[in-house]
1. Go ahead and run the numbers for FRET between residue 110 and residue 84, Cβ-Cβ distance against an R0 of 22 Å, rounding to 0.05.
2. Quick check: pseudo-label points 7 Å beyond the Cα along Cα→Cβ at residue 149 and residue 134, how many nm apart are they?
3. Using a basic spin-label model with each label point 7 Å from the Cα along Cα→Cβ, how many nm lie between residue 5 and residue 19?
4. Using per-residue counts of other Cβ atoms within 10 Å, averaged over each peptide, order 143-156, 6-19 from highest down.
5. Note the full-extension length gain between residue 48 and residue 158 as 0.36 nm times their separation in residues minus their Cα-Cα distance, in nm to one decimal.
Amino acid sequence: MVRLKNRYLLLDILYPDPKTWPTAAQATKNNSQSAQLAIHSPTSDALTPGLLAKMIREEVAELYGDWGVGKLGGASATGVNVKYLSPATSTAIIRCPRASFRLVWSALTYMSHVPEPGAGAQKRPNGGRERPCVFRVVRVSGTMRKAEEEAIRRARQEIVRIRGVEEKGVLGDLISGVEDGKAKMERSVPVARNVMDESEDEDMDDD
């Protein structure tokens, strides 16, 4: 029995263009944390697994012609399959033949748009409203499980990093307040000591 070997591509959909960020993020675009969250903002529900697979096949056909389509499995190109797509986290896992995963990777590199909210799942992005984006492949693995573990690890790392920024900001204010209090105490202590020294000198003169 012949075992078909596949590759699983874990990818992020990023939105580096500030014009595509939510209104709340635009108001605080100077905040690096808000900008980071805006770059990883959710994707429209108009992007479905079937539409994403179709976009990849069309991009491969445009870049490599019939040869590329044949490497993906022929006219139907059943070799490309979106196993996981989360619009909330803008994350996807794509399965493709091991021999042609570089074709899929290059096609993702050249893809630059996703459907805008309300565009409809049946519409091709080039035929409707588009939102500029970047497809970034972050992991290529031989099993679905490894791709899922990497997606979970990256999500946890991002949450910890954002929480760390928040806690650092709060602790920074507290630490600065404590340091200011210490500085005030240090400035007031010498004055108190000088007053005590003067009073002691006066007592000694009286004696």
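Bear in mind that the values in this text are calculations on the coordinates, not laboratory data. Keep in mind it's a predicted model, so treat the numbers as computed, not measured. Neighbour counts are summed over all protein chains in view; Cβ atoms, including those assigned to glycine, are modelled from backbone coordinates with ideal geometry.
1. Numbers: r = 22 Å, r/R0 = 1.00.
Calculated transfer efficiency: 0.50.
2. 2.9 nm
3. 4.5 nm
4. Values: 143-156: 14.4, 6-19: 18.4.
Top to bottom by mean Cβ count within 10 Å: 6-19, 143-156.
5. 37.2 nm
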